[in-house]
Amino acid sequence: MSQDESQRSFRVALVGCGRISKTHFEALKKVDGLKVTAVCDIDATRAQRAGEEQGVPWYKTLDEMLRTSGPDIDLVSICTPSGLHAGRERWSRAPASTSSVRSRWRSRSPRPTT
């Protein structure tokens, strides 16, 4: 790995500002080269609170966050309940579902149109 690659920083957006988000915020702070740049949650109160605590813009929808802050986002940390991880083309280390049957069904489901 070149020195340029090892010093690269990544701008992270966080989706889902509930209980698990606190753990993610703390973990992101501990990794050199990662910086939270935006948050969103369907609950505007949670999104606003997290955005203000992190000092970043907050949004109520993923689409609005990507449309507005997209150029400032390299990665998205998905912190929503496990059953809500499916439905978008993406790489994720989080499970698409808590059930292998539901995961297979969701992987075959057509992509939602918005």
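The values are calculated or read from the model by the stated rules, or taken from the named source; none is laboratory data. Model, not experiment: these values are computed from the prediction. With ideal geometry, Cβ positions are generated from the backbone for all residues, glycine too; neighbour counts draw on all protein chains shown.
Observations on the structure shown:
- Elements of type helices (runs of 4 or more DSSP H) contained in the stretch 1-60, each with 2 or more residues being among the basic types (Lys, Arg): 19-30, 44-54
- Cβ separations smaller than 7 Å between residues 6+ apart or across chains give the following pairs from the stretch 26-37 residues that are touching a residue at least 24 places away in the same chain (Cβ under 8 Å) to residues that are of a type in the set (D, E, K, R) and in a strand (DSSP E or B): Lys35/Arg11; Thr37/Arg11.
- Exactly one residue out of Thr80, Thr45 is of a type in the set (Ser, Thr, Tyr) and within 18 Å of Thr23 (Cα to Cα): that is Thr80.
- Of Pro57, Pro71, all but one fail to be assigned by TED's automatic domain parsing to the domain that holds Ser21 and loosely packed, with under 15 Cβ neighbours inside 10 Å; the exception is Pro71.
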